[in-house]
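Asks: Quick one: structure below, then a few questions.
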């Protein structure tokens, strides 16, 4: 077995986040590791509402009636196409940084793969971004991949 047993990655269904899934899937395949795909979302404010989270920190958010399960299904298909075999998916409601860190900790992931989206935005520099938050708080290795 490779150095990594569990490779975690977050996705919101955006093309940028799917690039992180692709990279994580390659790492998991090379390491013969489990790929753990996480989708954190916020509950809909009203029935039928479907809007994406605003700003550069939309990574890991699926808002409104857009089902996290659909995002995870698409991510799983992409990961399988990249050679990952052992794939687990988790949808969790709440703040993306908090929920991703919780899942990574609970599942004892060896590495977390995140995209660089939000790192260079004004909001990201002033308020902090999802990739920065995860990299500061993760108790495991963090790989920030260029996805923009």
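Laboratory data are not the source of any read-out in this text; all were calculated from the coordinates shown. Bear in mind the structure is a predicted one, so any value in this text is a computation, not a measurement. Note that we place each Cβ from the backbone using ideal geometry, even for glycine, and neighbour counts take in every protein chain shown.
Asks: Round to the nearest 0.05 the FRET efficiency obtained for residue 43 and residue 143 when R0 = 30 Å and r is the Cβ-Cβ distance.
Replies: So, using R0 = 30 Å, E works out to roughly 0.50.
Asks: Multiply the residue gap between residue 136 and residue 30 by 0.36 nm, knock off their C-alpha separation, and tell me the result in nm, one decimal place.
Replies: Additional length available on full extension: 35.5 nm.
Asks: Now a separate question. Expressed in nm to one decimal, what extension gain is obtained for the pair residue 85 and residue 108 from 0.36 nm per residue of sequence separation less their Cα-Cα distance?
Replies: Values: separation 23, 0.36 × 23 = 8.28 nm, distance 1.88 nm.
Going from the current span to full extension adds 6.4 nm.
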